[in-house]
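Asks: Sharing a structure below in structure tokens format, with a few things to ask.
The values are calculated or read from the model by the stated rules, or taken from the named source; none is laboratory data. Just so it is clear, the model here is predicted, and its values are computed rather than measured. Positions of Cβ are backbone-derived with ideal geometry, glycine not excepted, and every protein chain shown enters the neighbour counts.
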Amino acid sequence: MFRWKMSRTFVNIAVLLSLLLLVVLGGFSITAFKSFEGIVKQRTFEENNKELRIISNTVKRMNEDVKAFTFRQLDDPALAALFEKKNLEYFEMFGYMDLIRKSFEINPIFHSDTLYSGNTGNFYSTLGSMVQKDTFFVNAIQNYRNIPVLKPIPRVLPIDAYNTNATVFTYFYFQTDSGNKLSKALGVNIDAAWLCDTLSKLKGHNNKAYIIDKTSRTFIDDSKQIRNLDVLNAELVHKIMDSDQESGSFETGAKKDQKIITYLWMPETNWVLVVEESNDFLNQSLQFVRKAVLQITLGIAIFALVAAGFIAYRIYLPIGRVFREVIGSGSKAEKKGPLIDEVKLLSDVFQKNKDLLKDYYSYKQSADTILLENYIKAVLMENNSIANQLTCEFSTVFGNMLDREMMLILLKIDRREHFKMLDADRKKAYRFIIMNVAEEVLDSGNSAKAIYIGEGQFIILAFLPDGKPVISWDEKIKVLQNAVKEFTGISLSAFLGGHVQGVEALIHSYRTANLLLKYSVIYSLEAILDPSVLDLHEQMTVTYDEKLEERILESIRAGDGEEAKSLFDQFVEVSSKGDIESFMLSMTRFSLALGKTFDIMNKTRIEKIPISMKDFYMRMASFESIDDLKSKFYEDIMKIANQKPLVETRHDALVESIKRFIQDHFTEDLSLKGIAIEFKLSQGYLGTIFRDSVGLSVMDFIHNFRLDKSAELLLATQLSIAEIMERTGFYNESSYYKLFKRRFGTTPKAYRIDKEILNKLEK
């Protein structure tokens, strides 16, 4: 009897379901715990934020009181003499200070007042003593433009200036006169004790509250001490200072000492209120919740395991029935061990049968492909003996395939020499890709067959569906070209033999495609040619244009590469209109004329043109497209055009050297005799070859070059004429003025003025 309880499949199903239910349950428990943790943290933040806003409102009222007091004091006519009278008697000054003290006695948070008069340079304080010793206040007066106005700055009053070291918040206000000079300055000191007492009320058993001042990079807490921010946790300070929110909350510190930080930026100040609260309360609450969640999760987990077993049993029942049918209830499989892996046994049986079928279809497909390729090749190459031998087998496998209406397309791999250089495995892979993509893309609804015939060429037989639909073969071939290029980087040209039906028509169509293949040399790569191209070319008669040939050669001799390229494009365009034989004959004739021209040019040159005509002829004979032809021609033409001019004869090269020597030494005392000695020539010979080449005597060329340089300096600099003469090699003022007027028609000074006026008018 078959025992399902011994089944490995049942155990696997039960384990998987159990794991799935436990994972879902665990995720639910973690989510619930995290949600509670978030609620507690949010509640803590809200409570702390509420307390901080109460303090913030109190500070806001303090700011308003200070502003009102400040403006009232500065505009009080009774205190005008304090800022205007230079030598106040002691009793007068004491009276004014007493008046100020009385004005802020009604508000206990005011501590003292310090004043400065820009008109008299005097310092005053309600505390008396030596205000000048308060370096903080004095520095604020000196750098008043950089001190924040009416914003509290925590500090400790210097005892040597005021006889007290009380901790205060100082508000500065500065007033300038019409000349933007400091006329009045006021420093209002607020007693920090009341705010520190307020902070102490926030301080609980595990809490700590303080105020950070962004301006002075200090903080103050309930201890009334002002300390540097370096004392605090650097990570905490960085997070608060970089925050762009008005208030916020975050956790900091290690897990055991973790704290919840709540902060609030106070408006109209550079202060931020901070409360640090220990995580103890949160940890205690979470510990309680964790125990409750674990207990509930454990109970549900036990129920989930029982449910998983029941569901696994219901799922396994149909699998067990299939296994009994395939293997048999009394088979040896049951006796192999305590657990039976039915799935593996069934899988092994099915896999063996699948492998057998796969091998059969693979062998059959390979044999059919080889048969198709050989038969089509024999038919197209008109090898009747082989075709007759394969006809019977071909008909058995493919039936009357060649009697169906089809489109024959010949594909050619462009730049076949590059393709030949690939290794055998890569070439085989690329052929496979091209054939498969071609069959997929060119399928017009009734399948397509791709056959590799060698030499980088493929025959595509695209069978047409019934009804003779209109098919845009150009669009399909473009899709094929793009796909193959994307996968392999290979470009293809296509030649359409036309619609055919039957073996004879197929052979004729292949001949047409082969003829189109010859015409591909007068088209660009990735060409798509159909039989209409043959009619277009064979109806045209083209005569060799000797005049155009001569114009091209003349441009080459003149070193005008761009003109030669443009004329050659015209020559190719005219020659390519006729049939392919006349085109190739024209290219051969032109190549011979070009080679002869190169030979003549090289005979008269010192520096030979680095072009091998043998290589040129070989390349001209092997081009695959019109683009290859033009690029090979352009390459050789530009080699000629890029040759340095004026080096075609020995005299030209020598004159070029003399000109460069003059240009490099024009500021020196040059003469025909000195230059002749430099180049080891006679003066007469040097003067003759220079005048023949340049059209000027040596000295005239020197004068003109120097005059042009001096004209440039007259316009580009403010140098005096004497300095310009010295810099350009002129040492005789009379001679310089005479030569300048002869060349430019005016004096140097007038030349500079005229050009400046002309430039201004143009602007």
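Asks: Given (1) outside any strand (DSSP E or B); (2) closer than 19 Å to ALA527 by Cβ, identify the lone condition not met by ALA494.
Replies: ALA494 satisfies all of (1) outside any strand (DSSP E or B); (2) closer than 19 Å to ALA527 by Cβ except (1).
Asks: Then there's this: Check off (1) within 30 Å of GLN457 (Cβ to Cβ); (2) modelled with pLDDT of 70 or more; (3) within 43 Å of the chain's Cα centre (by Cα); (4) in a helix (DSSP H, G or I) for MET620 and give me the number that stays unchecked.
Replies: The single condition MET620 does not satisfy is (2).
Asks: Can you tell me how many residues within the range 179-202 are surrounded by 16 or more Cβ atoms within 10 Å (Cβ to Cβ) and either part of a strand (DSSP E or B) or among the charged types (D, E, K, R) (or both)?
Replies: Here the count works out to 10.
Asks: Quick one: is ALA450 assigned to a helix (DSSP H, G or I) and farther than 17 Å from LEU516 by Cβ? I'd like the intermediate steps shown before the answer.
Replies: On the way: assigned to a helix (DSSP H, G or I): no; farther than 17 Å from LEU516 by Cβ: yes.
So ALA450 does not fit the description; no.
Asks: Please state which one of LEU516, LEU492 is farther than 18 Å from ALA450 by Cβ and buried (at least 20 other Cβ atoms within 10 Å of the Cβ).
Replies: Every option except LEU516 fails the conditions.
Asks: Does LEU410 satisfy the condition of being modelled with pLDDT of 60 or more, under 25 Å from ALA527 (Cβ atoms) and of a type outside the set (Val, Ile, Thr)?
Replies: Answer is yes for this residue.
Asks: If a residue has to be surrounded by 16 or more Cβ atoms within 10 Å (Cβ to Cβ) and at positive phi to count, how many in the range 443-473 make the cut?
Replies: 1
Asks: Something else: Are there any pairs, at least 6 apart or on different chains, whose C-beta atoms fall under 6 Å, with the first in the range 654-669 and assigned by TED's automatic domain parsing to the domain that holds MET725 and the second among the aliphatic types (A, V, I, L, M), and if so, which?
Replies: Every condition considered, the pairs that remain are GLU656/LEU646; ILE662/ILE702.
Asks: Also, quick follow-up: Given the criteria in a strand (DSSP E or B), at pLDDT below 80 and more than 42 Å from the chain's Cα centre (by Cα), does LYS256 qualify?
Replies: Judged against the criteria, LYS256 is not a match.
Asks: Right, another one. Checking GLY128 against (1) at positive phi; (2) in contact with a Lys or Arg (Cβ under 8 Å, 6 or more places away or on another chain), which test does it fail?
Replies: (2)
Asks: In the range 403-428, which residues are basic (Lys, Arg) and either out of contact with any Asp or Glu (no Cβ under 9 Å at 6 or more places or on another chain) or outside the structural domain of GLU504 (by TED's automatic domain parsing) (or both)?
Replies: ARG404, LYS420, ARG426, LYS427, LYS428
Asks: State yes or no: is ILE477 surrounded by 18 or more Cβ atoms within 10 Å (Cβ to Cβ) and either farther than 20 Å from ARG511 by Cα or assigned by TED's automatic domain parsing to the domain that holds PRO531 (or both)?
Replies: yes
Asks: Okay, next question. If I filter the range 415-442 down to residues being in contact with a helix residue (DSSP H, G or I) (Cβ under 9 Å, 6 or more places away or on another chain) and surrounded by 16 or more Cβ atoms within 10 Å (Cβ to Cβ), which single residue comes out as nearest to PHE623 (Cα to Cα)?
Replies: The qualifying residue nearest to PHE623 (Cα to Cα) is PHE419.
Asks: Taking the condition out of contact with any Pro (no Cβ under 8 Å at 6 or more places or on another chain), crowded, with 16+ Cβ neighbours inside 10 Å, touching a residue at least 24 places away in the same chain (Cβ under 8 Å) and basic (Lys, Arg), does LYS86 pass?
Replies: no
Asks: Of these, LEU681, LEU719, which one is part of a loop (DSSP other than H, G, I, E, B) and within 30 Å of ALA653 (Cβ to Cβ)?
Replies: Working: LEU719 fails: within 30 Å of ALA653 (Cβ to Cβ).
Selected residue: LEU681, the only one of LEU681, LEU719 that is part of a loop (DSSP other than H, G, I, E, B) and within 30 Å of ALA653 (Cβ to Cβ).
Asks: Also, quick follow-up: So, in the range 132-173, how many residues would count as being touching a residue at least 12 places away in the same chain (Cβ under 8 Å) and assigned to a loop (DSSP other than H, G, I, E, B)?
Replies: 12
Asks: List every residue pair whose Cβ atoms lie under 7 Å apart, where the two residues are 6 or more positions apart in sequence or sit on different chains, the first residue falls within the range 559-578 and is touching a residue at least 24 places away in the same chain (Cβ under 8 Å), and the second residue, located anywhere, is among the polar types (S, T, N, Q) and part of a loop (DSSP other than H, G, I, E, B).
Replies: Listed pairs, sorted by first residue: GLY559/GLN643; GLY578/THR541.
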